[in-house]
1. I need the full set of residues from the stretch 95-114 which are within 30 Å of LEU23 (Cβ to Cβ) and open to solvent by 40 Å² or more (accessible area, probe 1.4 Å), in order please.
2. Would you point out which residue out of GLY239, GLY226 is out of contact with any helix residue (DSSP H, G or I) (no Cβ under 9 Å at 6 or more places or on another chain), assigned to a loop (DSSP other than H, G, I, E, B) and at positive phi?
3. When the stretch 220-256 is examined, which residues are found to be open to solvent by less than 70 Å² (accessible area, probe 1.4 Å), closer than 26 Å to GLN33 by Cβ and of a type in the set (A, V, I, L, M, F, W, C)?
4. Considering only the stretch 45-53, I want to know if a residue exists there that is open to solvent by 30 Å² or more (accessible area, probe 1.4 Å), over 18 Å from the mean Cα position of the chain (by Cα) and not hydroxyl-bearing (Ser, Thr, Tyr).
5. For the condition under 16 Å from the mean Cα position of the chain (by Cα), in a loop (DSSP other than H, G, I, E, B) and at negative phi, what is the one hit in ARG64, ARG78?
6. Take the stretch 84-109 and flag every residue that is modelled with pLDDT of 95 or more and assigned to a loop (DSSP other than H, G, I, E, B).
7. Wholly within the stretch 117-219, which helices (runs of 4 or more DSSP H) include no fewer than the required count, namely at least 2 residues that are over 28 Å from VAL7 (Cβ atoms) and open to solvent by 30 Å² or more (accessible area, probe 1.4 Å)?
Amino acid sequence: MSARFKVVIPARYASTRLPGKPLLDIAGKPMVQWVVDAACSSNAEEVWVATDDRRIAQVINNPRGSGSISVMTAAEHRSGTDRIAEVAKLKQWATDTIVVNVQGDEPQMPAAVIDQVAALLNAHPQAQIATLCTPITALDEFLDTNVVKVVKADDETALYFSRAPIPWHRDGASAGLSSQTQFMPAQRHLGIYAYRVGALLQLTRMPPSSLELAESLEQLRAVQAGMRIVVAQAVAQPGIGVDTPHDIERIRRVTQ
């Protein structure tokens, strides 16, 4: 039986490198609409866009019908997680409801991956959060601090997330970082999460943790608080995420 779940897509207007990022055009439609279309192709019971700007709310087309799926949320939220928590409270979802965070800058996120992360959390009733990963296959990716790595236990629970190259093979790098030859089975973390609403609300009530601040990785707040995060390899690659002007040009080239 497939999991029952909601999807919320956080989409804020402000961005240091790409102001108005959700509205950037990709093959004739705004980037956020690509994300909406993918989410609406999943098995989600409901799909919502949580935004702080009416310009974003007004461009959203609901592929499943004529009703609006935009929810106006506070402008001062520090993260997309906080924005999703506001939607969960506004909608009065039960604490055991599963909600998937599909980031608004992932226009190539496969619907199968959205379904997978929800099903993963549903299959682990003792977990509070689920997320996904893919194998790292190149040294430059392993050493790149913009690539977040995850190390997990034998029971699929996340042990740690880091921008550093982990797990580090001591004997594989006799001449320093760039000489490393052993980086398998390192895993790249994908920024898609399924939460139980109770855990989501608990997480957003906590202050940022010391590990979170050190690595600038919000999921470390949950790890440091002792929450159980289960991790599985994604059934499909999510494609190009948009963080920089270079990314938007890349995705425009492949979607022409």
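The values are calculated or read from the model by the stated rules, or taken from the named source; none is laboratory data. Just so you know, these numbers come straight off a predicted model, no measurement behind them. Cβ placement follows ideal geometry from the backbone for every residue including glycine, while neighbour counts extend to all protein chains displayed. Note: accessible area is taken over every heavy atom of the protein model, side chains too, but ligands, DNA and RNA are not part of it. Shrake-Rupley method; radii C 1.70, N 1.55, O 1.52, S 1.80 Å.
1. Result: GLN103, GLN108, ALA112.
2. GLY226
3. Listed by number, the residues that qualify are ALA234, ALA236, ILE240, VAL242, ILE248, ILE251.
4. yes
5. ARG78
6. Pass one, the stretch 84-109, residues modelled with pLDDT of 95 or more: 84-102.
If the condition is that a residue be modelled with pLDDT of 95 or more and assigned to a loop (DSSP other than H, G, I, E, B), then GLN92, TRP93, ALA94, THR95, ASP96, THR97, VAL102 are the ones that fit.
7. 139-143, 210-215
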